[in-house]
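The structure appears right after this line, and notes come after that.
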Amino acid sequence: MQYLKLNLGCGNQTPENWINVDYSLGSQVAKIPLFSLVNSQLKIFNLTWEENIFIHDLRKTFPWSDNEIDCIYSSHTLEHLSKDQGHYFLQECHRVLKQDGIIRIVVPDLKEFVECYTRGEMLAEDFVKKLEVWQESNQQSSLKITFQRFFSFPHQCMYDQDSLMRIMSNIGFKCQIKKPFESEIDDIKIIEPPDRTEAAVIVEGKK
Ligand SMILES: C[S@@+](CC[C@H](N)C(=O)[O-])C[C@H]1O[C@@H](n2cnc3c(N)ncnc32)[C@H](O)[C@@H]1O
């Protein structure tokens, strides 16, 4: 039987042998051949989305059956969902994973940012920028603001080690804090971009 691995909220990280899932408008229009062709000539949008991305909105019920999936990796995506959506997302991960299936979630570490700021190593404006919450600028045209909503996904929730461990444990995962590349996932070096593990919380769990 095929070993099924999901990379949820893949962005431009689309390694082979993984089902790379995303829902951005860019990944959706990249599937329209005529649009991709015209865009590649006219450079209307800066699209670097692979055509082989599996399109799914991770706020919705997953299109996989109970106990079907062997491994789930998700980097810097959970924080783009609201607290309730994130909880539902993790419940869906638990539902589709096989018994003993592996889940690895990487998110920016709120505590690390706060400590950096309170130690005086980060300006207030840089701290707020780092949180990547939605910021509208008065200098932007309303047209740009309208379109931006389709292309940018601000953070809707932030986590630290304790909160992520607590949420995942409550859902039923047996989980541990991990270091970058410390994993039971065989091809972790292929799926985990080094720059994404800096100032991040990494929790790996088993169903
Ligand atoms: C910050 S990027 C992370 C990309 C990649 N995993 C990485 O670590 O570089 C977050 C990704 O989550 C995707 N995303 C956000 N909300 C989503 C949703 N509701 N359904 C599917 N993908 C979503 C975005 O399109 C984006 O590609």
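Odds and ends about this structure:
- Looking only at residues in region 17-35 that are surrounded by 15 or more Cβ atoms within 10 Å (Cβ to Cβ) and more than 18 Å from the chain's Cα centre (by Cα), the one that is farthest from the ligand (Cβ to nearest atom) is Phe35.
- Neighbours by Cβ (under 7 Å, 6+ apart or cross-chain): first from region 179-202, more than 13 Å from the ligand (Cβ to nearest atom); second of a type in the set (Lys, Arg) and in a helix (DSSP H, G or I): Phe181/Lys189
- Residue ID - farthest from Thr77 (Cα to Cα), chosen from residues in region 1-16 that are out of contact with any strand residue (DSSP E or B) (no Cβ under 7 Å at 6 or more places or on another chain) and away from the ligand (no atom under 13 Å from the Cβ): Met1
- Residue that is at negative phi, assigned to a helix (DSSP H, G or I) and surrounded by fewer than 17 Cβ atoms within 10 Å (Cβ to Cβ), where the choices are Arg166, Arg196: Arg166
- Looking across region 61-89, the residues that are of a type outside the set (Phe, Trp, Tyr) and over 19 Å from Gly11 (Cβ atoms) come down to Thr61, Pro63, Ser65, Asp66, Asn67, Glu68, Ile69, Asp70, Ser82, Lys83, Asp84, His87.
- Number of the exception - Trp64 against (1) surrounded by 16 or more Cβ atoms within 10 Å (Cβ to Cβ); (2) over 16 Å from the mean Cα position of the chain (by Cα); (3) modelled with pLDDT under 95; (4) hydrophobic (A, V, I, L, M, F, W, C): (3)
The values are calculated or read from the model by the stated rules, or taken from the named source; none is laboratory data. The shown structure was predicted, so the numbers you read here are calculated from the model rather than taken from an experiment. Here the Cβ is made from the backbone with ideal geometry for all residues, glycine too, and neighbour counts use every protein chain on show.
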